[in-house]
1. Pull out the extension gain between THR71 and LEU127, defined as 0.36 nm times the separation in residues minus the alpha carbon to alpha carbon distance; nm, one decimal.
2. Calculate, in whole percent, how much of the Cα-Cα pair population of the chain lies beyond 20 Å.
3. Going by alpha carbons, how many degrees (0 to 90, nearest 10) lie between the helix axis of 3-28 and the longest principal axis of the chain?
4. Report, in degrees rounded to the nearest 10, the 0 to 90 angle that the Cα long axis of helix 78-104 makes with the longest principal axis of the chain.
5. Rounded to the nearest 500, what is the 222 nm mean residue ellipticity of the chain from helices alone, with -39500 (n - 2.57) per DSSP H run of 4+ residues and division by all residues?
6. So how far apart, in nm, are the two label points at LEU6 and THR34 if each is 7 Å from Cα heading toward Cβ?
7. Provide the net charge surrounding ASN77, with neighbours chosen by a C-beta distance below 12 Å and charges set as Lys +1, Arg +1, Asp -1, Glu -1.
8. Treating only the Cβ atoms of Lys and Arg (+1) and Asp and Glu (-1) as charged, compute the dipole magnitude of the chain about its Cα centre; round to the nearest 20 debye.
Amino acid sequence: MSTEILLRYVHFISIFTIVGTLVSEHLLLKKSLTRSEIDRLSKIDGIYGLGVLVLLAAGMMLWLGGYGKPTEFYSKNPIFNIKLGFFVLIGLLSAYPTIFFIKNRKGDPEELIHIPKSIFWMVRFELLLLFIIPILAGLMAKGISL
């Protein structure tokens, strides 16, 4: 199996991991959660973070490592830059929920913690951006906007 195919596979599987964990976070969020539920969300968020790191590593190898299309194909494509910008924005949006989960997971497991509405909206906006990225990837792969 070629390195490019393996990298594309890892890139693809990490996307599934990111989407699955983010959907899980969204479905598990409630107005109030016990610390044990927040601890569970924190673990899911950790898997989400690992998926993001794997996606980033595989994507960087495909972009800059010479395993995919030429670097210029991606670098000079405005759609790729938008896609990359959305990825960065998703990372920035995920910081606050991650910090909130980490800070609130310790203590009495049955204590109820109020979840700020901003966390709900950040997770939803991350999901929206994740929903848009595949169409951008398809357009980019076809060389549209070059």
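1. Answer, rounded to one decimal: 17.4 nm.
2. Working: 5442 of 10585 pairs.
In whole percent, the long-distance tail amounts to 51.
3. For helix 3-28, the angle is close to 30 degrees.
4. Between helix and principal axis, roughly 20 degrees.
5. Taking each H run of at least 4 residues, the total per residue is -27000 deg cm²/dmol.
6. 4.5
7. Once positives and negatives cancel, what remains is +3.
8. On the way: 15 positive and 10 negative charges, 47 e Å.
Dipole about the Cα centre, nearest 20: 220 debye.
Only the coordinates and a few stated rules stand behind these numbers; no lab work does. Note that this is a predicted model, so its numbers are computed, not measured. Glycine also receives a Cβ, built like all others from the backbone with ideal geometry; neighbour counts cover every protein chain displayed.
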